[in-house]
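Notes for the one structure printed next.
Just so it is clear, none of the values below were taken in a lab; they were calculated from the coordinates. Note that this is a predicted model, so its numbers are computed, not measured. No Cβ is skipped: glycine too gets one built from the backbone with ideal geometry, and neighbour counts run over all protein chains shown.
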Amino acid sequence: MSELKPFKLTAVCKDYIWGGTRLITEYNQKTASDKAAESWELSCHPDGPSVVDGGACGGLTLPEYINKAGIKALGSDCAKFPYFPVLIKLIDAKNSLSIQVHPDNAYAKTHGGGFGKTEMWYIIDCKPEAFLYYGFKHKISKGEFKERIENGTLLEVLNKAYVHKGDVFFIDSGTLHAIGEGILLAEIQQNSNITYRIYDYGRLGKDGKPRELHIANAVDVTRLAPPERQSSPQGPAETFPGYSRTLLASCEYFTVYDMKINEAEMNAGENSFNSIICINGKGSLHGAGAEAIEFEKGGSVFVPASFGPYTISGNCEIIFTYV
Ligand SMILES: [Zn+2]
């Protein structure tokens with residue numbers, strides 16, 4: 001079937017107020033705006049679906065492509081989800097993001113619909129002394145949480161984590177967090193866009209008014225304790241002829257590797273599609289019966305499930321994800 005061949009995806013960029021320009025100048029993203037806070041590299045979300053670039057299905061959005069190609073393109077391990085399970089973004093935080101939290105599936109369902117959000121961050125680059133907020137330093141009561149939101153002292157009890165290139169953070173739903181200024185990262189997350197904003201540093205939005213806060217929802221869903229999983233530096237790499245790889249995270253929604261490749265034999269079996277996001281260098285992808293695909297830093301390639309064996313060659317670092 002002609003649809004089951006690899007293709008590139010064009011990302012949708014978001015120009016949120018805290019974003020910078022690096023995704024445009026260094027990561028080859030195209031946008032009409034003069035800044036790009038996020039590029040949605042693998043997205044079926046209605047707020048910004050990625051678009052198929054070239055080939056028989058060029059111009060279709062990723063959800064349109066999946067409608068056409070069928071569940072076979074996603075793979076049997078995706079069949080249990082009522083929706084496309086994963087969303088992958090690059091994020092350039094020139095300024096800090098708001099202090100926020102995401103609900104779990106159960107809460108999202110009963111409060112406006114949609115899905116919860118567990119997410120993972122892989123720090124691609126950061127300025128010296130960059131930090132983010134990740135859960136609390138110690139347990140606090142709901143009363144204290146509300147009081148500190150009201151009197152503006154919440155930051156005092158948050159767990160401040162200094163970050164380095166290659167660090168990995170796993171943010172279970174319900175974990176309070178904020179990406180700090182000067183951090184460029186890849187976010188691999190559940191396919192959801194529900195954010196409860198708690199504190200926005202007194203900033204004004206594009207319309208000149210403070211951005212909306214969602215305190216009541218946040219108080220409902222926030223786990224008032226240190227994060228359950230600590231951040232981890234990028235673990236020991238497994239080395240193979242032609243490439244090395246490091247497992248970044250694995251959960252029911254996604255399994256993610258960082259791979260440094262000169263040449264690697266890959267395989268998209270019937271259980272899941274493969275997602276390739278290039279974060280350094282460039283490479284090309286070759287597979288039987290399909291045209292070669294060239295990609296560079298910031299590029300996103302979707303390999304349908306059941307495509308079979310393929311080769312990536314070049315000099316590149318990729319985020320490799322499957323379900
Ligand atoms: Zn978040």
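Miscellaneous remarks
- Loop-located GluC sites (Glu not before Pro) across region 63-157 with a Cβ neighbour count of 16 or fewer within 10 Å are GLU129, with loop assigned by DSSP.
- Within the chain: Cβ-based charge dipole about Cα centre, in debye rounded to nearest 20 (Lys, Arg +1; Asp, Glu -1): 540 debye
- For region 18-34, Karplus couplings with θ = phi - 60° (6.51, -1.76, 1.60), whole Hz, Gly/Pro x: 8, x, x, 10, 5, 5, 7, 7, 10, 10, 6, 7, 9, 8, 6, 7, 8
- Within the straight-line cut-off of under 16 Å between alpha carbons, the aspartates and glutamates reachable from LYS142 are GLU150, GLU156, ASP220, sequence neighbours fewer than 8 places apart in one chain being disregarded.
- Listed by chain and number, the lysines whose C-alpha is less than 18 Å from the C-alpha of LYS89, apart from same-chain residues fewer than 8 away, are LYS8, LYS14, LYS30, LYS35, LYS117, LYS165, LYS297.
- Fewest-first sequence of ILE24, ILE277 by Cβ atoms within 10 Å of each Cβ: ILE24, ILE277
- Label point distance in nm, GLU294-THR21, each placed 7 Å from Cα along Cα→Cβ: 2.7 nm
- Ranking HIS102, ALA79, THR61 by how far each Cα lies toward the positive end of the dipole of the chain (charges on Cβ) leaves HIS102 at the top.
- Gain on full stretching of the segment that runs from SER232 to HIS214 - 0.36 nm per residue minus C-alpha separation: 3.5 nm
- Subtracting the Cα-Cα distance of LYS206 and HIS111 from 0.36 nm times their residue separation leaves 31.5 nm of extension gain.
- Gain upon complete extension [ASN262, GLU147; 0.36 nm per residue less C-alpha separation]: 36.0 nm
- Between helix 142-151 and the chain: long-axis angle, C-alpha atoms, 0 to 90°, nearest 10: 80 degrees
- Rounded to whole numbers, the Karplus 3J(HN,Hα) couplings from phi for region 130-136 are 5, 8, 9, 9, 8, x, 9 Hz, using 6.51 cos²θ - 1.76 cosθ + 1.60 with θ = phi - 60°, and x at Gly and Pro.
- Compactness check for the chain: Cα Rg over 2.2 N^0.38 Å is 0.99.
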